[in-house]
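Chemist: If you scroll down you'll find the structure; I have some questions about it.
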Amino acid sequence: MKKTILILIATTLTSLSYIHAQEPFWLGADISGTTELEARGVRLYNAKGDIRENTALMKELGLNAIRLRVWVNPRGGFCSKDDVLTMAKRAQYYGMAVMIDFHYSDWWADPGKQHIPASWQYFKYDEMLYALAEHTRETLQLLKDNHIDVRWVQVGNETTHGMLWPMGKAEDNMQQYAGLTEAGYQAVKSVYPDATVIVHLDGGCDPYRYNFIFDGLRQYGAHWDMIGISVYPYWDKDSGLTSSYQETISKVVDNIKALNRKYGCELMIVETGAEAKKPKEGKAIMQALIKAAKTQCEGHCKGVFYWAPELEGQYPLGAFQDNRPTEIMDAFTEASLQ
């Protein structure tokens with residue numbers, strides 16, 4: 001009897017430890033442009049009109065994670081590894097988890113462009129592998145030396161067609177794209193063994209592009225820990241992928257479940273956004289997306305990150321007007337309280 005009671009107590013304690021160890025649902029934002037806005041003299045405010053530093057404002061809105069992009073040799077130094085360290089320190093100060101997003105370019109990398117950094121322009125494939133790995137290690141080692149706890153690392157940004165074109169163009173050189181991805185994966189693990197390595201594509205409602213890329217990566221032996229997806233109903237409708245945000249979300253949920261079954265990994269919505277000039281609709285979209293991600297994906301979607309909510313005037317899908325958050329961000333605040 002005494003032995004049975006002890007076993008029951010041990011089992012209960014183990015169960016409680018497991019419950020306490022469960023990760024939260026991640027509510028994040030990519031605020032990589034924060035220091036550049038500051039350099040331009042832009043001030044941000046909360047809904048009450050009080051001045052706020054951007055990271056502090058995201059924390060006030062209920063977010064628990066921050067995503068930061070890294071460029072190789074960017075003009076002006078914004079989003080360089082040193083600039084990223086500055087912003088990562090702020091996130092760490094507020095107790096927010098950090099995601100690092102390597103673009104492997106001197107500027108934007110996305111499905112329409114994956115430009116080789118100028119200093120890597122004439123590298124052969126083996127030299128490119130080394131440069132990518134060294135840049136990844138150097139950046140992460142700088143963060144680690146400054147006691148930044150990096151939870152996730154993206155090896156490439158929206159690499160729907162590969163990266164470092166033409167060398168790593170997936171449609172033409174899938175094996176080389178896989179090799180570059182693997183070089184990044186191993187570099188991450190050499191500095192942060194426990195970090196979750198993400199491969200990130202756009203068009204989260206379209207299973208074809210995900211099966212194409214991840215079948216190719218698997219065929220050539222590349223590794224990843226998590227699949228990152230972008231979910232933009234605005235762009236899906238504009239490109240004819242879907243006819244409404246409801247259709248986008250429904251297809252995203254189906255794709256997340258199917259990808260988990262096929263590849264055996266978890267997923268995260270690492271980018272999303274809605275029209276800033278339609279805040280009421282934007283809030284409804286974010287509410288529906290967060291709810292679906294939390295409750296309809298069989299536990300396999302681990303979070304939702306808004307892309308550049310503070311970006312105003314240059315981009316239609318931010319979430320600020322007059323340098324303060326619109327009701328779009330209320331969807332995140334409300335979700336953080338549930």
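The values are calculated or read from the model by the stated rules, or taken from the named source; none is laboratory data. In this text, all values refer to a predicted model and were calculated from it rather than measured experimentally. So basically every Cβ, Gly included, is an ideal-geometry build from the backbone, and we count neighbours across all protein chains shown. Just the protein is used for accessible areas: all its heavy atoms, side chains included, with ligands, DNA and RNA removed. Shrake-Rupley method; radii C 1.70, N 1.55, O 1.52, S 1.80 Å.
Chemist: Of the residues that make up region 271-279, is at least one open to solvent by less than 70 Å² (accessible area, probe 1.4 Å), in contact with a His (Cβ under 7 Å, 6 or more places away or on another chain) and closer than 14 Å to V231 by Cβ? Write out each step before concluding.
Modeler: Step one: list which residues in region 271-279 are open to solvent by less than 70 Å² (accessible area, probe 1.4 Å), which gives 271-276, 279.
Imposing the further condition that a residue be in contact with a His (Cβ under 7 Å, 6 or more places away or on another chain) reduces the set to none.
No, region 271-279 contains no residue that is open to solvent by less than 70 Å² (accessible area, probe 1.4 Å), in contact with a His (Cβ under 7 Å, 6 or more places away or on another chain) and closer than 14 Å to V231 by Cβ.
Chemist: OK, next. Of all residues being among the aromatic types (F, W, Y) and within 20 Å of D172 (Cα to Cα) in region 213-236, which is least open to solvent (accessible area, probe 1.4 Å)? Just the residue, please.
Modeler: Pass one, region 213-236, residues among the aromatic types (F, W, Y): 214, 220, 224, 232, 234-235.
With the extra rule that they be within 20 Å of D172 (Cα to Cα), the set shrinks to 214, 220.
On the way: F214: 0, Y220: 95 Å².
That would be F214.
Chemist: For region 218-275, which positions are closer than 24 Å to A183 by Cα, in a loop (DSSP other than H, G, I, E, B) and small (G, A, S)?
Modeler: G221, A222, G264
Chemist: Residues G179, G168: which one is crowded, with 24+ Cβ neighbours inside 10 Å, at pLDDT 95 or above and touching a helix residue (DSSP H, G or I) at 6+ places or on another chain (Cβ under 9 Å)? Steps first, please.
Modeler: Values: G179 fails: crowded, with 24+ Cβ neighbours inside 10 Å.
Among G179, G168, only G168 is crowded, with 24+ Cβ neighbours inside 10 Å, at pLDDT 95 or above and touching a helix residue (DSSP H, G or I) at 6+ places or on another chain (Cβ under 9 Å).
Chemist: Any residue that is at pLDDT 95 or above, aromatic (F, W, Y), in contact with a strand residue (DSSP E or B) (Cβ under 9 Å, 6 or more places away or on another chain) and over 30 Å from G41 (Cα atoms) - is there at least one of those in region 253-264?
Modeler: Our first condition is that a residue be at pLDDT 95 or above; within region 253-264, this holds for 253-264.
In the following step, the residues that additionally are aromatic (F, W, Y) were identified as 263.
Those still in the list that are in contact with a strand residue (DSSP E or B) (Cβ under 9 Å, 6 or more places away or on another chain) too: 263.
Remaining after also requiring over 30 Å from G41 (Cα atoms): 263.
Yes, region 253-264 contains at least one residue that is at pLDDT 95 or above, aromatic (F, W, Y), in contact with a strand residue (DSSP E or B) (Cβ under 9 Å, 6 or more places away or on another chain) and over 30 Å from G41 (Cα atoms).
Chemist: Output the residue which, of all residues in region 237-270 that are closer than 24 Å to D101 by Cβ and of a type in the set (G, A, S), is most open to solvent (accessible area, probe 1.4 Å).
Modeler: Restricting to residues being closer than 24 Å to D101 by Cβ and of a type in the set (G, A, S), the top hit is S239.
Chemist: Follow-up. Could you tell me which residue of region 294-329 is nearest to D202 (Cα to Cα), considering only residues that are in a helix (DSSP H, G or I) and either open to solvent by 70 Å² or more (accessible area, probe 1.4 Å) or in contact (Cβ under 8 Å) with a residue 60 or more places away in the chain (or both)?
Modeler: Let us first name the residues in region 294-329 that are in a helix (DSSP H, G or I), namely 294-295, 327-329.
Next cut, either open to solvent by 70 Å² or more (accessible area, probe 1.4 Å) or in contact (Cβ under 8 Å) with a residue 60 or more places away in the chain (or both) only: 294-295, 329.
Numbers: K294: 20, T295: 22, M329: 22 Å.
Across region 294-329, the extreme among qualifying residues is K294.
Chemist: Among the residues in region 108-116, are any over 20 Å from G203 (Cβ atoms), open to solvent by less than 10 Å² (accessible area, probe 1.4 Å) and either in contact (Cβ under 8 Å) with a residue 12 or more places away in the chain or outside any loop (DSSP other than H, G, I, E, B) (or both)? Talk me through it step by step, then tell me what you get.
Modeler: Narrowing region 108-116 to residues over 20 Å from G203 (Cβ atoms): 115-116.
Keeping just the survivors that are open to solvent by less than 10 Å² (accessible area, probe 1.4 Å) gives none.
Looking for residues that are over 20 Å from G203 (Cβ atoms), open to solvent by less than 10 Å² (accessible area, probe 1.4 Å) and either in contact (Cβ under 8 Å) with a residue 12 or more places away in the chain or outside any loop (DSSP other than H, G, I, E, B) (or both), one finds none in region 108-116, hence no.
Chemist: While we're on this one: Looking at (1) over 13 Å from H103 (Cα atoms); (2) in a helix (DSSP H, G or I), which one does T136 not meet, given that it meets all the others?
Modeler: Evaluating T136 over (1) over 13 Å from H103 (Cα atoms); (2) in a helix (DSSP H, G or I) leaves (1) as the failure.
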